[in-house]
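Worksheet for the structure shown next.
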Amino acid sequence: MKAHLTDLLFAAVGQLTNEVNLSQIVIDRPKLIEHGDFSTNIALVLSKILKKSPRDIAQLILDQMPKTEYFEKIEIAGAGFLNFFLGAHSHQIIINQVIEEKELYGKNQIGQGKKVQIEFVSANPTGPLHVGHGRGAAIGDSIARLFEFSGWEVTREFYYNDAGAQIDNLTRSVKARALNISPENQDFPEEGYRGDYIADIANAYLAKSSLECQGQQVQASGDIEDEESIRNFSIAYLRNEQDQDLAAFKTAFDVYSLESDLYKNGQVNFVVDTLVKEGHTYEKEGALWLKTTDFGDDKDRVMKKSDGGFTYFVPDVAYHLDKWTRGFKRVINEQGADHHSTISRVRAGLQGLNKDIPLDWPEYVLHQMITVMKNGVEVKISKRAGSYVTLKDLVDEVGCDATRYFLSARRADSQLIFDIDLAKSQSNDNPVYYIQYAHARIEGVLNQWGGDKKTLGVSKDYAFESLAEKKLIKRLSEFPEVIKQATDELAPHQIANFLKDCAAELHSYYNDSKFLVDDEVTKLARLSLIYATQAVIKNGLALLGISAPEKM
RNA sequence: GCGCCUGUAGCUCAGCUGGAUAGAGUACUUGGCUUCGAACCAAGUGGUCAGGAGUUCGAAUCUCUUCAGGCGCACCA
């Protein structure tokens, strides 16, 4: 319908001037229903070129527009806006299309089956997942769902830093606990992890527990001096726990990549050798440096420390070369904003490999930090001190649906405040229930009606009259556009906003109007409208990983 | 000091590829259930879009600048 309108406008404008191209014709969705279903400011844009007043130009365009049955009214408003109002014919088409397509409504094939890899969460296996990881999970998974909905072949991936210094630290911490050294004791590792979960791991280790991690059985030896065993068991224990937390958060991954594998497979060495060969390195003060300043960084970075170890970003580069080699022309990394300094380094490293990797590859979505409020005070998150708001706690206390909603309904850029007491105590006032209620409420009416949903549809003779109906229909028709924009901008919060507005209009319509009326045509038309609304809400919720209950 | 992000109603936040009277939730005030689900609806109160300058027919939106907050600027990850 929008494309149709674009054609009409293009035809009309083409009669007036050749100095405009199609891309300059912008068709908006007005916020106010009084301004129609579509509007364009093309007359204002043309006024300078044509040296006429915008309203005169609008009239000229109107005169040149081919006839169409889609709009019942086209008017010139304000400074020279052209407003288009959909008529009964369009209303029928929209609703019947939604009903016909159901769970497919809103989908598109922009991705054309191309591969995209989305990496998110990627927490280190040194502790339970916290609320920040939850935000990454909610946003990353929703972006993945959006891409799937837009016809991409999506790979969800989780990267484990299981080889660095923090793992040694984890091992020492667990060993200390196993030796019954408490965090308060001065013999406890200074930089050690002090959370209670460390003691849990130590106890499980001493009990010679066995656990499954990613399909592999890991057995604790129980030997306090066997640091290799402590290390393997601790990692497996925490990964296992993280996997469970993510499963409870309805977040699943296709691929888990391990930093340790990059060392084992020689990929890290390959990257270092290549960078040396390509001439982007130099030695200074016993260390090997990468000239990241050649690629836009503000200072050069050490790759290989004087003690022989690599700095953390080297395996990161190797990992991303691996992604590239696996054929992902599009890669999106969702991570906390505290890691944003890695962007320039990873990209610089990739450029240095001379593999024709685009400058802006990979793409990044960075979410800002979350401030957690509990009992009216801010909860400081410190892994080492063991002060925590875990994802598991949130899911247990607030629920998966509400937690996912809260964490993905805001722009990634915003430093959101998560008030646990509010989320818990006011769970009935929660926006997510408001949306789900609209879905369940519709189901209630349809059950009351008791007819066969397959027979629903708006007949050609029926014209919707009320403002509430027109608003709702306009909203439903916007869904595919919202999907495109949210996908394009990597911004799933737009879906949440859409759903809230859609639910509000449904509730408003519900109170405004009766559905189960005597007149059969009217009844079917109205039921069709809410049935279509239900489908859209369900599709939108699915994109956020939130359930659409039929009863609440 | 440098870089990135943010500043919109009492609070939490949308709106940011320039468009029409700046919106929602919450809080507060008032009204609506013998009637399809009141976890709902309707109406009202509430704004120097952090401050200033610029660009233009038009700026919350773009540019510059000041202020405030967050996060980064390691031979840590």
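The values are calculated or read from the model by the stated rules, or taken from the named source; none is laboratory data. Computed from a prediction, not measured in an experiment: that's the story for all the values here. We place every Cβ from the backbone using ideal geometry, glycine too, and count neighbours over all the protein chains shown. Accessible surface is based on the protein model in full, side chains and every heavy atom, while ligands, DNA and RNA are left aside. Shrake-Rupley method; radii C 1.70, N 1.55, O 1.52, S 1.80 Å.
Solvent exposure of A:HIS4, expressed as accessible area, is near 60 Å², computed with a probe of 1.4 Å over the protein chains only. Accessible surface of the range A:430-543, 1.4 Å probe: 46 percent of it comes from carbon and sulfur atoms.
Calculation over all alpha carbon pairs of the range A:194-291 in 10 angstrom steps from 0 returns a P(r) of 13, 30, 24, 20, 13, 0 percent. Charge tally for A:SER466 (other residues, Cβ to Cβ under 12 Å; Lys, Arg +1; Asp, Glu -1): 0.
Give me the 1.4 Å probe accessible area per residue for chain A, excluding ligands and nucleic acids, in Å².
46 Å²
Counting only DSSP beta bridges with both residues in chain A, tell me the antiparallel percent, nearest 5. If I count the DSSP bridges inside chain A, around 55 percent turn out antiparallel. Note on the range A:430-543: Rg/Rh from C-alpha atoms, Kirkwood Rh, equals 0.98. Put a dot 7 Å past the Cα of A:ASN240, heading toward its Cβ, do the same for A:SER209, and the two dots end up 0.6 nm apart.
As a test of reading the structure, rank A:HIS320, A:HIS130, A:HIS35 by solvent-accessible area (1.4 Å probe, protein chains only), most first.
Accessible-area ranking of A:HIS320, A:HIS130, A:HIS35, largest first: A:HIS35, A:HIS130, A:HIS320.
Given q = 0.11, 0.12, 0.22 Å⁻¹, what are the Debye log10 I(q)/I(0) values for the range A:2-86, with equal point scatterers placed on the Cα positions and solvent ignored? Results for the range A:2-86 at q = 0.11, 0.12, 0.22 Å⁻¹ read -0.24, -0.29, -1.05.
Beyond 47 Å, what share of the Cα-Cα pairs of chain A remains, rounded to the nearest whole percent?
27 percent
Carbon-plus-sulfur accessible fraction, the range A:2-86 (probe radius 1.4 Å, protein heavy atoms only): 51%. With q set to 0.23, 0.26 Å⁻¹, the log10 of I(q)/I(0) for the range A:476-552, from the Debye formula over equal scatterers at the Cα positions, is -1.08, -1.24. Expressed as a rounded percentage, what relative contact order does chain A have, with Cα pairs under 8 Å and six or more residues apart? Once normalised by length, the contact order is 16 percent.
Add -39500 (n - 2.57) for each DSSP H run of 4 or more in chain A, then divide by its residues: what number comes out at 222 nm, to the nearest 500 deg cm²/dmol? Let's see the in-between values first.
Numbers: 19 runs with 265 residues, N = 552.
So the helix-based figure for chain A works out to -15500 deg cm²/dmol.
In the range A:249-311, one over the average inverse separation of all distinct C-alpha pairs is 13.5 Å, which is the Kirkwood hydrodynamic radius. Distance between the C-alpha centres of the range A:35-53 and the range A:493-552: 35 Å, rounded to the whole angstrom. Protein-only accessible surface at a 1.4 angstrom probe places the residues A:CYS400, A:CYS502 in the order A:CYS400, A:CYS502, largest first.
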